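Reviewing the structure listed below.
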Amino acid sequence: MSVDDVDVLVIGAGLAGLRCAAVLAAAGSDVRVWEAADDVGGRVRTDLVDGFRCDHGFQVLNPAYPELPRAVDVDALRLQGFGPGVAVRRDRGSTVWVHPLRSPARVPAMLARGGLGPRNLVSVARWATPALRPRALKAASNDTSMRDALDAAGVRGELRRVIDRFLAGVLLEDSGETSNAFVLLLLRMFVFGVPALPAGGMHALPRLLAEPIEARIDMQHNVVGMSRDGGEWRVESPGGSIRARHVVIAADPVTAAGLAGLPEPRMRSVVTDWWAADEAPTDPPMLWVDGRTHPTGPVLNTSVISAAAPTYAPAGRHLIAASALVGADGVEPDEAVVRRHAGDILGTDAKRWERLTRHVIPGALPAQPPPLAARRPVRLPDGRWVCGDHRDTASIQGALVSGRRTAEALLRAGK
């Protein structure tokens, strides 16, 4: 079994690992990346099913993420944006709540349709205003749960239902126990950017990150052992061994915890169903949520993906997605139930939709309870390094920042 030597071994080619390795390589480090799977991306993957692009779980990319343009050429992703706002299925009919900064001309009509009276607007402004001070949020010592913060601000009624259900699809939890400071950081991103999808699917992002370091990435290298070897680390996989001065653990949060000897983070799970249709179910190209007092099913959000991102479907056909939570007992909602509820939200009969695939992601996102810990240590007591969205914020932004932050800390330590 051959043994190679490198300066830095990065374990995991997800967003954080790729970002870390790229920063190290750009600084002149001899870096190698080991990835257990057959492709880069980690939890960010896209399947091609009968000509349709189906991302693993409902994922979107917000161009307002500050780290994104630092990491990649955003124009190369050819982003396709959703409509600015959210569409709401109501107890009677439906409505669209537009982004007031991007569609100001439509605000009066939106207010006239009800659900957003002056009292509601004052209460939501009271809750959301701290989002304009992101540094204060990251350092907040009085952080509480989103649920308690919304209660304290007096956000109630239909507006509260829509906020709760929209954010449940973002946070992958419907109890409101996520850090309110974290939610407000995400809200800031929604204020300044409209979620979008790359023309090639979400997997285009990790592939773009990997391009400058492609020759340094070894696929299907699963780590089976790691030990100290003098002043270096010896890391073993079924295909060989490697010695490295530094090891960066950038695997998924659960695997990383096992390799690093850290407590396993609590993870959120989601199931996303994908269907094809010959006719577009609805308009506009927005994310839809169920704002009714009594929802008719488990769907967190649904959308006609191809209406926002035409490259996700073959010409003349349409792609629909809907996401729901996996139960605490691990039980997945029945596809027929998810389909029926998605059609109900979109205001169409879903019986003729063609089932494409279902993605069950048991560890889609780390939980982010209060108080917000936006910057966890990246160096372990034994000298190894660790990065990922479980070390910063549970988001694409957090993963990219964590990778860069770890690389910069390692470079400083090596001087």
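Read the figures in this text as sums done on the coordinates, not as results from a lab. Remember, it's a predicted structure, so these values are computed and weren't measured experimentally. No Cβ is skipped: glycine too gets one built from the backbone with ideal geometry, and neighbour counts run over all protein chains shown.
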Semi-axis lengths, Å, the range 323-415, gyration tensor of Cα atoms, sqrt of 5 times eigenvalues: 41, 14, 12
In deg cm²/dmol and to the nearest 500, what is the mean residue ellipticity at 222 nm of the chain if only DSSP H runs of at least 4 residues count, each as -39500 (n - 2.57), divided by the residue total? -8500 deg cm²/dmol
Which ³J(HN,Hα) values in Hz, rounded to whole numbers, follow from the phi angles of the range 365-380 under the Karplus curve 6.51 cos²θ - 1.76 cosθ + 1.60, where θ = phi - 60° and Gly and Pro get x? 8, x, 5, 10, x, x, x, 5, 10, 7, 9, 8, x, 9, 10, 8
Taking amide H positions as placed 1.01 Å from N in the peptide plane, with prolines and chain starts having none, which residues 5 or more places from H318, or on another chain, fall under 5 Å of its amide H? A277
Percent antiparallel among DSSP beta bridges confined to the chain, nearest 5, equals 70 percent
How large is the Kirkwood hydrodynamic radius of the range 1-71, in angstrom, based on all distinct alpha carbon pairs? 14.4 Å
For the chain, modelled as a GNM with alpha-carbon contacts under 10 angstrom, which of R19, R135, R339 fluctuates the most? R135
For the range 201-273, the spread of Cα positions along each principal axis, largest first, Å: 49, 33, 20
Would you kindly give the portion of the calculated P(r) for the range 53-174 that falls above 26 Å, as a percent of all Cα pairs? 33 percent
Please list, short to long, the whole-number percent of alpha-carbon pairs of the range 154-197 in consecutive 5 angstrom bins beginning at zero. 5, 20, 26, 31, 14, 3, 1
Where a label projected 7 Å from the Cα of R376 along Cα→Cβ would reach, residues of the range 150-171 with amide N under 19 Å: 171
Inter-label distance for D75 and R102, nm, one decimal - labels placed 7 Å from Cα along Cα-to-Cβ: 2.1 nm
Between the range 300-338 and the range 18-43, the Cα center-to-center distance that results, in Å: 31 Å
Here the Cα Rg-to-2.2 N^0.38 Å ratio for the range 219-312 is 1.83
Convex hull volume of the range 76-121 per residue (C-alpha atoms, cubic angstrom): 100 Å³
With x for Gly and Pro, the residue-by-residue ³J(HN,Hα) of the range 206-217, computed from phi through the Karplus equation 6.51 cos²θ - 1.76 cosθ + 1.60 at θ = phi - 60° and given in whole Hz, is x, 5, 5, 4, 7, 3, x, 10, 3, 6, 9, 9
For Q368, what residues show an amide H to amide H distance below 5 Å, using hydrogens built from the backbone and excluding near sequence neighbours? S179
When the Karplus curve 6.51 cos²θ - 1.76 cosθ + 1.60 is applied with θ = phi - 60°, which whole-Hz ³J(HN,Hα) does each residue of the range 326-335 get, with x for Gly and Pro? 7, x, 4, 8, x, 7, 8, x, 5, 4
Among the Cα-Cα pairs of the range 241-285, the proportion with separation greater than 13 Å, in percent, is 74 percent
What percent of all Cα-Cα pairs in the chain falls into each 10 Å bin, going from 0 up to the bin containing the maximum distance? 5, 22, 31, 25, 13, 5, 1, 0
Taking the Cβ of each residue in Y65, Y312 as the centre, tally the other Cβ atoms inside 10 Å and list the residues starting with the fewest. Y65, Y312
Length-normalised contact order for the chain - Cα pairs under 8 Å, 6+ apart - percent: 26 percent
With viscosity set to 0.692 mPa s at 37 °C, what whole-number translational diffusion coefficient in µm²/s follows for the range 273-328 from Stokes-Einstein and a Kirkwood radius over Cα pairs? 269 µm²/s
What is the calculated FRET efficiency for S94 to D38, with r their C-beta to C-beta distance and R₀ = 35 Å, to the nearest 0.05? 0.25
If one builds a Gaussian network model of the chain from Cα atoms under 10 Å apart, the most fluctuating residue listed among R133, R243, R43 is R133
List every residue whose amide H lies under 5 Å from the amide H of M286, counting only residues 5 or more places away in sequence or on a different chain, with H placed 1.01 Å from N in the peptide plane. G83, V304
Taking 20 °C and 1.002 mPa s as the conditions, I'd like the Stokes-Einstein D for the range 149-237 in µm²/s, using the Kirkwood hydrodynamic radius from alpha carbon pairs. 120 µm²/s
